[in-house]
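Note sheet for the following structure.
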Amino acid sequence: MKFDLRKDLRTLFVIVFAAIMMAVNIKTFVRAGGLYPGGVNGLTILIQRIVELLTGFTPPFSVINITLNAVPVYIGFKYIGKKFTAYSILMIILTSVLTDLVPGFAVTEDTLLISIFGGIINGTAISLCLLSGATSGGTDFISIFLSERKGMDSFNIILAFNAIILIAAGALFGWDKAMYSIIFQFAATVVIRSLYLKFQQATLFVVTMKPHEVSEKIYEISNHGATIINGEGSFGHSEKHVVYSVIARSDSRDVVKAIKETDPEAFVNVLRTEKLSGYFYYKKEE
């Protein structure tokens, strides 16, 4: 594991902040609305409520959540990255312990508002972790592992797991809470997909007179190659070159900036890539 004091301190600060945000969200919005946030946190809350229904005793959130994360953490250490997993363990433990310690209170009794704003807060906390090189645990480990191995959109996997939790919750505790939980999870997913772009791709079409220099800049920033296509401008019938490349959406802003610095006259078209077949390089977690 490589260490960078300034970067690591910044990451630790973000993880602590995200853990506090998530714990407060669980004790205010999630519990007040009787919702299920999805992932291992949602499964933990479901188990808590099932045990409480059967015995009248509510087991600690921390004990269940940390236990459920054991297998995903193993996957993280073995296949994703040791530093990434170590930071994630810190996030899991902090969130679990703080959820048991933070006093619960209701911000509002409007379940729809709870679902929307609780989902936004949850998605923001998860995104902060992912952007800092960590995760909130559970299905995030599994989905990232499958995304890197299969090139799949990781959040589709999370949604499938969440659907199982919601079906069980709806059958046991009422379909109204399950349906409000769908709104909660949808809001969280929209935020995550907007902020965390690593497993999304963008297609670049660059019309330039400096194709080789542009291709080098694309590779330098994104570690992706490019294809140079020779063409002809339809208006002036002059020779043109088109540089075609597929990169991570998270790199697109820096790549476009570098292209314009290399060739101010370049015409750049960035398209969202819906589906990709073939090998695509993903930066490995530390």
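The values are calculated or read from the model by the stated rules, or taken from the named source; none is laboratory data. For clarity, every value in this text was computed on a predicted model and none was experimentally measured. Note that each Cβ is placed from the backbone with ideal geometry, even for glycine, and that neighbours are counted across all protein chains shown.
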Hey, Asn269 surrounded by fewer than 14 Cβ atoms within 10 Å (Cβ to Cβ) and at pLDDT 90 or above or not: yes
Options Val242, Val214; residue that is within 24 Å of Pro264 (Cβ to Cβ), in contact with a Gly (Cβ under 6 Å, 6 or more places away or on another chain) and among the aliphatic types (A, V, I, L, M): Val242
Meets criteria (under 22 Å from Arg193 (Cβ atoms) and surrounded by fewer than 19 Cβ atoms within 10 Å (Cβ to Cβ)) for Leu90: no
